[in-house]
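Enquirer: Got a structure for you, questions after.
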Amino acid sequence: MYDAETPTAREPRPFATFERMESKVRSYCRSFPAVFERAEGSWQYDKDGKGYIDFLTGCSVLNYGHNHPAMKQALIDYIQSDGVVHSLDMHSKAKGEFLEALESKILKPRGMNYLAQFTGPTGANAVEAALKLARKVTGRTNVIAFTNGFHGVTLGALAATGNSHHRGGAHFPLSGVTRMPYDGYFGEGVDTAAQLDKMLSDPSGGVDAPAAIIVEVVQGEGGLNVASAEWLKKVEKIARKHGALFIVDDIQAGCGRTGTFFSFEGMGLKPDIITMAKSLSGMGLPMALVLVKPELDQWKPGEHNGTFRGNCHAFVTAKATIDTFWSDETFAGEVQRKGERLRKGLQEIAMANRGVVKGLKGRGMMRGLDVGSSEISDPVVDAAFKKGLIIETSGAHDQILKVLAPLNISDADLDAGLEILSNCVAEVAERQALGSAA
């Protein structure tokens, strides 16, 4: 934690303005006490010029790194041409070109037929829209969500979120959701999909017929828990059997994070609704999207809206992202290669620190180390930051050191970040061992 009253050699009380003017709700700045001034690729630099390898990337908002030249140039050109900035849901050239790229380079090559609904600019708003639509279409109110799921912190999305810290912030009853165990929640050998089907099939099971089942293929905030394709197919089948819509929340795991554009590719799944946000714009510009099967698009005009659903700057950079990275399979292959490099690097750290590392979690370029608790992870995050690495934690007990490096990070930068992480885990493990011995 930083102390705003602690002076530095270059500037007294460097965080005084933030302390004076900003709400106590801020969180990341407490783990990363610096005033950042510029960023490029895999690096951020503070106002004193110190560089930090970024293994956080805006919590997967910056999958393509900071200020990628292709997106930056597209945005500069658009601004200099006096392109429309904000359009509500009116037609704009920028939106049309993004939709054409989405259709021709993302949806059609994958045999997917969806309509695009632009919502308010956050992932939570995309989830709100998805849940509202599911309830409208089915006439039901109950939603099935899963343990350790994270879908946002607005009230509807928060009801589907499992984290008690965030749920406690509502100070209001969070209803309309039934929580079920995620894949592997009770350990190997327990089929939680079968449990779900049994409870929904039992007239005395006590679970109301659901409007939707919402699931993350990889639970980002929940601890990098990975659902198997077999389990997900069972859950989708259960949704169909019981008249519920099957919703995949791809807000953090999508846009290439797991090695394919959608996290569920190759699993044989056909979600009714897909929610997206975070790296959709490719450059950190706010943008969220709900992909809906055409027959489910039963909204009345304006029934769900959002003032900033027409962020044309985000449309421009999103199109540039698709054109640059997703016109063919080359980038996906590179992300998969890099994901394996990351896995091997984390495995080496785990093997060298068996006393504190319980195992590896995640998939693709969405991986991490399970160190058991925040008693290990927090000191590692602090030590890493001092050495020039930004990395965060996730999981119910902040027990996962989560790597969300840019998908296009160089091998050299990836290895350098992993070396810092390795050194910090070893240092904390040694301190823990000394403390136990004492």
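The values are calculated or read from the model by the stated rules, or taken from the named source; none is laboratory data. Remember, it's a predicted structure, so these values are computed and weren't measured experimentally. Ideal geometry is used to build each Cβ from the backbone, glycine not excepted, and the neighbour counts take in all protein chains shown. Note: areas computed on protein heavy atoms with side chains; ligands, DNA, RNA excluded. Shrake-Rupley method; radii C 1.70, N 1.55, O 1.52, S 1.80 Å.
Enquirer: Picking from 90, 287, 199, which is most flexible by a Gaussian network model of the chain using Cα springs under 10 Å?
Expert: Per the Cα network of the chain with a 10 Å cutoff, 90 tops the list.
Enquirer: Determine the per residue accessible area of the chain with all protein chains present and a 1.4 angstrom probe, expressed in square angstrom.
Expert: Values: 19620 Å² over 438 residues.
That works out to 45 Å² per residue.
Enquirer: Roughly what percent of Cα-Cα pairs across segment 1-144 reach past 29 Å?
Expert: Values: 4498 of 10296 pairs.
Percentage above 29 Å: 44.
Enquirer: Using alpha-carbon pairs under 8 Å, 6+ residues apart, how would you state the relative contact order of the chain in percent? Display every interim value, and only then the final one.
Expert: Working: 845 pairs, mean separation 94.3, N = 438.
Relative CO of the chain lands at 22 percent.
Enquirer: Now, a different point. Do any trypsin sites (Lys or Arg not before Pro) in segment 322-421 lie in a loop, going by DSSP, with at most 12 other beta-carbon atoms within 10 Å of their beta carbon, and if so which? Before the final figure, lay out each step's value.
Expert: Working: sites: 337, 338, 341, 343, 344, 354, 358, 361, 363, 367, 386, 387, 402; in loops: 354, 358, 387.
Here the trypsin sites (Lys or Arg not before Pro) that fit, given the DSSP loop and packing criteria, are 354.
Enquirer: Give the whole-number value, in cubic angstrom per residue, of the convex hull volume spanned by the C-alpha atoms of segment 360-424. Before the final figure, lay out the partial values.
Expert: Values: hull volume 4.8 nm³, N = 65.
Per residue, the Cα convex hull of segment 360-424 comes to 74 Å³.
Enquirer: Leaving ligands, DNA and RNA out of it, report the carbon-plus-sulfur percent of the accessible area of segment 299-438 at a 1.4 Å probe. List each step's numbers first, then the result.
Expert: Numbers: 2890 of 5970 Å².
Carbon and sulfur atoms account for 48 percent of the accessible area of segment 299-438.
Enquirer: Once you've got the GNM for the chain with C-alpha springs shorter than 10 Å, pick whichever of 20, 257, 30 has the biggest mean-square fluctuation.
Expert: 20
Enquirer: Let me ask something else about it. Using only Cα positions of segment 279-438, each an equal point scatterer, no hydration layer, compute I(q)/I(0) via Debye at q = 0.09, 0.16, 0.19 Å⁻¹ and quote the log10 values to two decimals.
Expert: -0.43, -0.95, -1.14
Enquirer: Also, quick follow-up: Quick check: at a probe of 1.4 Å, how many percent of the accessible area of segment 144-209 sits on carbon and sulfur atoms? Please report the intermediate quantities before stating the final value.
Expert: Numbers: 1880 of 3490 Å².
Exposed carbon and sulfur together represent 54 percent of the surface.
Enquirer: While we're here: Can you return the lysines within cross-link range of residue 319? Criterion is Cα-Cα under 23 Å, with same-chain partners fewer than 8 residues away left out.
Expert: Filter leaves 72, 93, 95, 105, 108, 278, 293.
Enquirer: While we're on this one: Over the alpha carbons of the chain, what is the largest minus smallest coordinate on each principal axis, giving the biggest first in Å?
Expert: Reported extents, whole Å, longest axis first: 61, 59, 45.
Enquirer: So which DSSP H runs in the chain come out at 15 Å plus along the axis (Cα) with average Kyte-Doolittle of at least 0.5?
Expert: Details: long enough: 69-80 (16 Å, 0.08); 123-138 (23 Å, 0.29); 229-241 (18 Å, -0.92); 312-325 (20 Å, 0.68); 330-352 (34 Å, -0.62); 374-386 (18 Å, 0.13); 411-437 (38 Å, 0.24).
Going by DSSP H runs, the hits are 312-325.
Enquirer: Which of 428, 164, 224 sits farthest toward the positive end of the charge dipole of the chain, with +1 on the Cβ of Lys and Arg and -1 on the Cβ of Asp and Glu?
Expert: Looking along the dipole axis, the top candidate is 164.
Enquirer: Roughly what % of DSSP beta bridges within the chain run antiparallel, to the nearest 5? Write down the numbers at each step before the final one.
Expert: Details: 31 of 47 bridges.
Bridges in the chain are about 65 percent antiparallel.
Enquirer: Next question, about the same structure. Can you work out the FRET efficiency for the pair residue 298 and residue 20, with r the C-beta to C-beta distance and R0 = 60 Å, to the nearest 0.05? Before the final figure, lay out each step's value.
Expert: Working: r = 49 Å, r/R0 = 0.81.
Once rounded, the FRET efficiency stands at 0.80.
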